[in-house]
1. Once Lys and Arg get +1 and Asp and Glu get -1 on their Cβ, which of 482, 325, 204 lies farthest toward the positive end of the dipole of the chain?
2. What's the percent breakdown of Cα-Cα distances in region 301-385 across 5 Å bins, shortest bin first?
3. Evaluate Rg over Rh across region 235-277, taking Cα atoms for both radii and Kirkwood's formula for Rh.
4. Residue farthest toward the positive end of the dipole of the chain, with Cβ of Lys/Arg at +1 and Asp/Glu at -1: which of 81, 416, 353?
5. Relative contact order for the chain: what is it in percent, counting Cα pairs under 8 Å that are at least 6 residues apart?
6. If you put +1 on each Lys and Arg Cβ and -1 on each Asp and Glu Cβ, how big is the dipole of region 447-580 around its Cα centre, in Debye rounded to 20?
7. At q = 0.20, 0.24, 0.28 Å⁻¹, work out log10 I(q)/I(0) for region 210-255 with the Debye formula, treating every Cα as an identical point scatterer and leaving solvent out; two decimals please.
8. Using the basic label-point model (7 angstrom from Cα toward the beta carbon), what is the residue 452 to residue 401 distance in nanometres?
Amino acid sequence: MAEVLFANTGAKARVERVSRARTTSVTNWTSWLPFRSLNGWAPKYLNGDLVAGFTLAAIAIPEQMATARLGGFAPEIGFFVFVAGSLAFAVFGASRYLSAGADSTITPLFAGGLALLAATGSPQYLALAATLAVMVGLVVVLCGALRLGWIADLLSVPVTTGFLAGIAIHIIISQLPGLLGLPAESSDTLRRVGEIAANLHLTNPYSLALGLGVFAIVFLAERISARIPGALIGLVLATLAVVAFGLADRGVAVLGALPNGLPRAGLPLVRLGDIRALVPLALLIAIVVMVQTAATARSFVSQQGEAPDVNRDFVGVGAGSIASGLFAGFPVNASPPRTAIAAHTGGHSQLAGLFAAAIVLALGAFGGGLLANIPQAALAGVLLFVARRILRWQVFANVYRQAPLEFLLILITMAAIVVLPIQIGVAIGIGLSLLHGVWSATRTQPIELEQVPGTSVWWPPTVGNAGERLPGVLVAAFQAPLSFVNADRFKRGFCDLVDAGNGRVKLVVLEASSIVEIDYTAAQALIETITHCRKAGAVFAIARMESLRAQAALARFGIIDLVGPQRIFHSVDAAVKALQSGR
């Protein structure tokens, strides 16, 4: 009977897979059509999309200028990066709300890496940034097309928190000269702090007042309502103050008139050696982009109840980076704050992003003169607020209180990003996240189960709830996928439980409900465990292996033949009753 049940399970699974494949093949094909976010759009949504688009533009204009300056680019480049990201995502993305463009999370990352290859702001620096944008976009698009959305889960919450904290510190230190009216510094972070401290006596009080005033306006506006474009209001008021009081003549640095017109499209001209040098940086930036894109898409789902399609959103954001690079821009990323604005101000589709892009494009193409008197300290105030917003103080406190060991991951990642070259710090953070995951998997030990009195349920022993053990029967569970990282611990732990019976164990049942995968190394460890049980005089059986991948592994590695299909059961209770009766 057990053999039939196992065979039926596999056959049923195959039928279900074929059925699902047939019924979803058309859906999978249509899911890649352009402008997916407009599916189901109706004219009644137009007013909401217009309002959301205007609000999004009001938020994006100061933010994109500030982010461009953060990376060492002219402010107007930020406009065109936003337009490229918005247009490409509207065509190729899936989310109805996600906003793509210049982002302060990744800008310090690639700016630090590019500064090692070329002088910030030089023609070579700009060409390398555009090349990097195309490379990052290609990687992200490829990962989306190959449905590698799981890559977004490579960074744990503590490591991500430390990563963002390090980025926030970078932003604060980089913007202090602009806030204080001091000469811009381009040295490493710690040396820059020393230079700022040494020049504090040169602080321009007007610049400081303007920067702090913009910060206060943005802070208060967000506390009142996220729909209020506090950054835009702050920039307008700061600009009016510069004009009304002649602050440019009192040492306050202003942007100056920005050139009108559109950038020319074309492939950036760089050497093959430069492309090779950019590969590690492109991979790091791509991982961060995918992590933030996935988190944003999952946080702002459609009101129609549509499940987020992270892979399709990867394609949209990646296409935005490619378009940005082809128009002399820099890498694009999803923005959680702007996405929240689009979702909470009445937006129903990517039309909101397209309206915002049209407004920003018009300003960049024809309105450069309107931005001439914007004080640089005001942009610094906007970025200081961004830095404050990405610091997750609540997560800091929760992790410190609930998981002190993981709190060290926050501190180590943050310190690595601040002290070391930023791209090395990011690589260390990703490595720590992966090592933490591997370390967690290796801690799993086989657990002996007990039968809950009066039931057929087998459960781990708990304090105050004594279970029952049957003479000569050992039921044990392994609550993790079986892989090379924990195969030896599984084998040693299981064999120790058998040996602890001093030859009295006659039946061993592996409760396998948590084993969702078995790789080659783990299969050999399982075979050795089965052999050890038999040498100890015990029959070995497997119960509740529900994972289809694990079942396929049992067949592939010959474990079904070794155990015997008649000793594979749907429940522990069925295994114990059948094998105790001599079957």
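Any read-out appearing in this document is the output of simple, stated calculations on the displayed coordinates, not a laboratory observation. Values in this document were obtained by computation on a predicted structure and should not be read as measured data. As a convention, Cβ positions derive from the backbone with ideal geometry for all residues, glycine included, and neighbour counts pool all protein chains shown.
1. In the chain, that residue is 482.
2. Binned Cα distances yield the sequence 3, 10, 13, 22, 22, 17, 9, 4, 2, 0.
3. On the way: Rg = 19.2 Å, Rh = 14.4 Å.
Over the Cα atoms of region 235-277, Rg/Rh equals 1.34.
4. Result: 353.
5. Details: 1087 pairs, mean separation 132.1, N = 583.
Over the chain, the number comes to 23 percent.
6. Dipole about the Cα centre, nearest 20: 300 debye.
7. With no solvent term, the Cα-only Debye profile gives -0.63, -0.79, -0.94.
8. 3.1 nm
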